[in-house]
Structure formats: C-alpha cells, structure tokens
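Q: What follows is a single structure, and I will ask about it in a moment.
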Amino acid sequence: MAYKIMISPRAQKEIENAIDYYALYSVDAPENVIAVLKENYATLEINPFFKVR
C-alpha cells in the first residue's frame, strides 16, 4: 500500500527558505535539493516507517 506524503505549510516554507538560501551560493544547489527531496518523498510513500528507530 502506498502512502501519500503531506507537507505542512510550515515545512513547505522552511523548504522554500532553504532553497532560496542555497541559491545565493550555488546555481546547482537548489536543483539538487529538490531532486533529493523528491527522491526521499518517493521512498517514504512506499515505506513510511523507513529509518524509524
């Protein structure tokens, strides 16, 4: 069973702030951050208890 990832408005704002910050120092960093987020969201949709200790 696949789960749906829900991002809270507060978390979304933090993500946007992080991307804006990285954009100040690197052209590629924001794209890399987004790619890693998408990758992790896909993993969590399949296995939401991944790395829970």
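The values are calculated or read from the model by the stated rules, or taken from the named source; none is laboratory data. This is a predicted model, so every value here is computed, not measured. With ideal geometry, Cβ positions are generated from the backbone for all residues, glycine too; neighbour counts draw on all protein chains shown.
Q: Take the residues of region 21-39 that are in a helix (DSSP H, G or I) and among the aliphatic types (A, V, I, L, M): which is surrounded by the most Cβ atoms within 10 Å (Cβ to Cβ)?
A: Among those that are in a helix (DSSP H, G or I) and among the aliphatic types (A, V, I, L, M), it is Val33.
To keep it simple, each residue is scored yes or no on (1) surrounded by 11 or more Cβ atoms within 10 Å (Cβ to Cβ); (2) part of a loop (DSSP other than H, G, I, E, B); (3) on the phi > 0 side of the Ramachandran plot; (4) at pLDDT below 95.
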position	(1), (2), (3), (4)
Lys4	no, yes, no, yes
Ile15	yes, no, no, no
Ile19	yes, no, no, no
Tyr41	yes, no, no, yes
Phe50	no, yes, no, yes
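Q: Still on this structure: Limited to region 16-33, what total is found for residues that are of a type in the set (Val, Ile, Thr) and in contact with a Phe, Trp or Tyr (Cβ under 9 Å, 6 or more places away or on another chain)?
A: Adding up the residues that qualify gives 1.
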